[in-house]
Amino acid sequence: MILGTAKPNSEELKQVPHHFINNLSIEDEYDVRRFEREALVLLQALFAQHKLVIMTGGSGLFADAVVNGLDEMPELDPKIRKEIIQEYEQKGLEFLQEEIAKNDPEYFEKVDQKNPQRLMRALEIWRGTGKKFSSFRVKSKKHRPFKVIKIGLERDREELYSRIDQRMDQMIEAGLFDEADALFGKRHLNALQTVGYSEIFGFLEGKYDKEEAIRLLKRNSRRYAKRQMTWFKKDESIHWFSPDKQDEILKFVADQIA
């Protein structure tokens, strides 16, 4: 999953040390709770050597896990998860969406509704406890032994969407369709249930032509960006900057540290 995840290339990886890159197989089970644990262990080691560490990315849930901690979730019978996965494989994403919309509409409004992992987790909680997933998300902030400075990058909506379309064209030119084709036999894996692959899998399955696949890739990428921005805009501790104001950003961070 190189192009579809915009993985840093070899030159970028040489410029600055990266972590959690090339550390998992697409067949590995992984979730936000495991990420929280592993990230905190890594941060402890890094802060023993450095005063400043940069965490960057797009997943608000994963960022929140490191910065604020996760709510405690109940232990559930693994059979429930297996049954839900089987139902999802038989009935598809729409089944999960309908179940969560019916049983936990509050969470359904906030969740990435195209993400089967998140939907299956919410359904697992509902079936295992009889309680809504949202009822466990009390947002009890945990103490962290480091200070956090949050920087958000914001562009004009039209400019952002134009850049997303251009970036998708570049990814396609670089071989995104070939990469998805090579992964086609593993399309049932959770890691591949994501924007950038599922649209091409539909084309490879003969559901629509390549032109329609490209249209869906761009549309769904724009929608994903919009959901990300909606998530982050709720966080009043984020300081927003235009990406081209690098001097302002560096000065702000320096002042915060000072």
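Just so you know, all these numbers are worked out from the coordinates, no wet-lab data involved. Since the model is a prediction, treat every value here as computed from it, not as a measurement. Note: ideal-geometry Cβ built from the backbone for every residue, glycine included; neighbour counts use all protein chains shown.
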Legend entry - Those GluC sites (Glu not before Pro) in the range 151-190 that DSSP places in a loop and that have at most 14 other beta carbons within 10 Å: 154
Legend entry - Global form of the chain, assessed from the alpha-carbon gyration tensor, a/c cut-off 1.5: oblate
Inset, instruction - Calculate, in nm to one decimal, what residue 86 and residue 142 gain on full extension: separation in residues at 0.36 nm each, minus their alpha carbon distance. - result: 16.6 nm
Inset, instruction - Would you tally the net charge around residue 128, using a Cβ to Cβ cut-off of less than 15 Å, leaving residue 128 out, and scoring K and R as +1, D and E as -1? - result: -1
Legend entry - Rounded if a/c under 1.5, otherwise prolate or oblate - the range 32-167, Cα gyration tensor axes: oblate
Inset, instruction - Find the relative contact order for the range 146-257 and round it to a whole percent, using C-alpha pairs within less than 8 Å whose residues are 6+ positions apart. - result: 44 percent
Legend entry - Greater than 32 Å apart at Cα, pairs in 142/251; 114/233; 132/207: 132/207
Legend entry - About the Cα centre, charge dipole magnitude for the chain (Lys/Arg +1, Asp/Glu -1 at Cβ), debye: 860 debye
Legend entry - Exposure proxy order (Cβ contacts within 10 Å, fewest to most) of 24, 189: 24, 189
Legend entry - Magnitude of the charge dipole, the range 78-136, Cβ model with Lys/Arg +1 and Asp/Glu -1, debye to 20: 260 debye
Inset, instruction - Pull out a ≥ b ≥ c, the square roots of the eigenvalues of the alpha-carbon gyration tensor of the range 78-136, then state rounded if a/c is under 1.5, prolate if not and a/b is larger than b/c, and oblate in the remaining case. - result: oblate
Inset, instruction - Calculate the spin-label point distance for residue 47 paired with residue 28, positioning each point 7 Å from the Cα along the beta-carbon direction, and give it in nanometres. - result: 2.4 nm
Inset, instruction - Just order 162-168, 110-116 by mean Cβ neighbour count inside 10 Å, highest at the front, would you? - result: 110-116, 162-168
Legend entry - Pairwise label distance in nanometres, residue 240 with residue 209, each label 7 Å out on the Cα-Cβ vector: 4.0 nm
Inset, instruction - Give me 77, 31 ranked fewest to most by other Cβ atoms within 10 Å of their Cβ, as a rough exposure proxy. - result: 77, 31
Inset, instruction - Could you calculate the contour length gain from residue 233 to residue 9, that is, 0.36 nm times the residue separation minus the distance between their Cα atoms, to one decimal place in nm? - result: 77.7 nm
